[in-house]
Amino acid sequence: MSKKILILSSSPRRGGNSDTLCDKFMQGAIEAGNNVEKIFLKDKKINYCTGCGLCTISNFTRCSQDDDMKEILDKMIEADVIVMATPVYFYTMCAQMKTLIDRCCAKYPKMENKEFYFIVTAADNSEATLNRVLDEFRGFIACLNGAKESGVILGTGVWQKGEVINTPSIEDAYLTGKEV
């Protein structure tokens with residue numbers, strides 16, 4: 001059965017290492033017959049959460065801000081599978097991804113029964129050092145009803161754009177996408 005997959009690429013550079021893994025995941029998922037859309041967050045206007053509380057007052061139906069997050073939230077709600085990808089800066093997810101997660105407050109109770117895949121790339125060679133980023137993602141999905149972590153793709157030892165192509169994670173991303 002075909003799944004509706006939404007890939008959220010938070011790399012600030014198109015074709016960066018985490019973005020490249022998104023493309024490989026997408027290639028595998030499309031070849032497997034899934035409906036896939038990738039959103040490159042850098043192309044979107046996503047403001048910081050202001051903590052105004054309108055989302056809770058409106059029973060999670062509205063946000064006070066008028067930016068691209070409304071469209072992204074609607075796509076997240078519609079998706080069966082959500083892939084969240086981030087490069088690591090100073091041992092944490094990039095600001096673009098964290099801003100997106102914070103803005104999910106407006107409708108997070110409506111994101112039910114989703115499968116999640118996480119793609120994380122870093123210059124550091126140790127996969128163990130990326131656990132804190134995975135914990136940040138897991139903290140987010142712990143707030144969602146029926147959310148399930150279905151896979152993790154780690155690209156370590158990659159700093160310069162394109163270095164991920166020469167690592168096993170490129171094949172891992174493709175095969176994981178194919179098996180969704």
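The values are calculated or read from the model by the stated rules, or taken from the named source; none is laboratory data. If you're wondering where the values come from, they're calculated on a predicted model, not measured in any experiment. A quick note on method: Cβ atoms are made from the backbone with ideal geometry, for glycine too, and the neighbour counts reach across all protein chains shown.
Checking Tyr117 against (1) surrounded by fewer than 21 Cβ atoms within 10 Å (Cβ to Cβ); (2) modelled with pLDDT of 95 or more; (3) of a type outside the set (Lys, Arg), only one condition comes out false. Which one?
It is condition (1) that Tyr117 fails.
Sort out which residues of region 137-148 are within 12 Å of the chain's Cα centre (by Cα) and either of a type in the set (S, T, N, Q) or loosely packed, with under 14 Cβ neighbours inside 10 Å (or both), and write them in order of number.
Once the filter is applied, which keeps residues that are within 12 Å of the chain's Cα centre (by Cα) and either of a type in the set (S, T, N, Q) or loosely packed, with under 14 Cβ neighbours inside 10 Å (or both), region 137-148 yields nothing.
Go through region 139-180 residue by residue and tally those that are in contact with a strand residue (DSSP E or B) (Cβ under 8 Å, 6 or more places away or on another chain), assigned to a loop (DSSP other than H, G, I, E, B) and polar (S, T, N, Q).
2
Select, from Leu54, Leu134, Leu130, the only residue that is crowded, with 18+ Cβ neighbours inside 10 Å and either over 22 Å from Asp23 (Cβ atoms) or not hydroxyl-bearing (Ser, Thr, Tyr) (or both). Before you say what the answer is, go through the steps one by one.
Numbers: Leu54 fails: crowded, with 18+ Cβ neighbours inside 10 Å; Leu134 fails: crowded, with 18+ Cβ neighbours inside 10 Å.
So the residue among Leu54, Leu134, Leu130 that is crowded, with 18+ Cβ neighbours inside 10 Å and either over 22 Å from Asp23 (Cβ atoms) or not hydroxyl-bearing (Ser, Thr, Tyr) (or both) is Leu130.
Among the residues of region 74-100, write down those that are touching a residue at least 60 places away in the same chain (Cβ under 8 Å) and either aromatic (Phe, Trp, Tyr) or over 30 Å from Gly157 (Cα atoms) (or both).
Hits for region 74-100 are Lys75, Met76, Glu78, Ala79, Asp80.
If Pro12 satisfies every condition in (1) closer than 19 Å to Gly157 by Cα; (2) in contact (Cβ under 8 Å) with a residue 60 or more places away in the chain; (3) surrounded by fewer than 13 Cβ atoms within 10 Å (Cβ to Cβ); (4) in contact with a Leu (Cβ under 9 Å, 6 or more places away or on another chain) but one, which is the exception?
Status for Pro12: all satisfied but (3).
From the residues in region 59-93 that are buried (at least 21 other Cβ atoms within 10 Å of the Cβ) and within 22 Å of Thr129 (Cα to Cα), which one is nearest to the chain's Cα centre (by Cα)?
Filtering region 59-93 for residues that are buried (at least 21 other Cβ atoms within 10 Å of the Cβ) and within 22 Å of Thr129 (Cα to Cα), the one nearest to the chain's Cα centre (by Cα) comes out as Met84.
For the condition of a type outside the set (Lys, Arg) and closer than 20 Å to Asn47 by Cα, what is the one hit in Ala128, Ala95?
The match here is Ala95.
Assigned to a helix (DSSP H, G or I) and either closer than 28 Å to Gly157 by Cα or without any contact (Cβ under 8 Å) to a residue 40 or more places away in the chain (or both), is that true of Met1?
Against the criterion (assigned to a helix (DSSP H, G or I) and either closer than 28 Å to Gly157 by Cα or without any contact (Cβ under 8 Å) to a residue 40 or more places away in the chain (or both)), Met1 does not qualify.
Take region 155-178 and flag every residue that is among the hydrophobic types (A, V, I, L, M, F, W, C), closer than 15 Å to Val88 by Cβ and crowded, with 20+ Cβ neighbours inside 10 Å.
Correct list: Val158, Val164.
Scan region 18-73 for residues that are in contact (Cβ under 8 Å) with a residue 12 or more places away in the chain, under 30 Å from Asn166 (Cα atoms) and either part of a loop (DSSP other than H, G, I, E, B) or among the acidic types (Asp, Glu) (or both) and report the count.
Number satisfying all stated conditions: 8.
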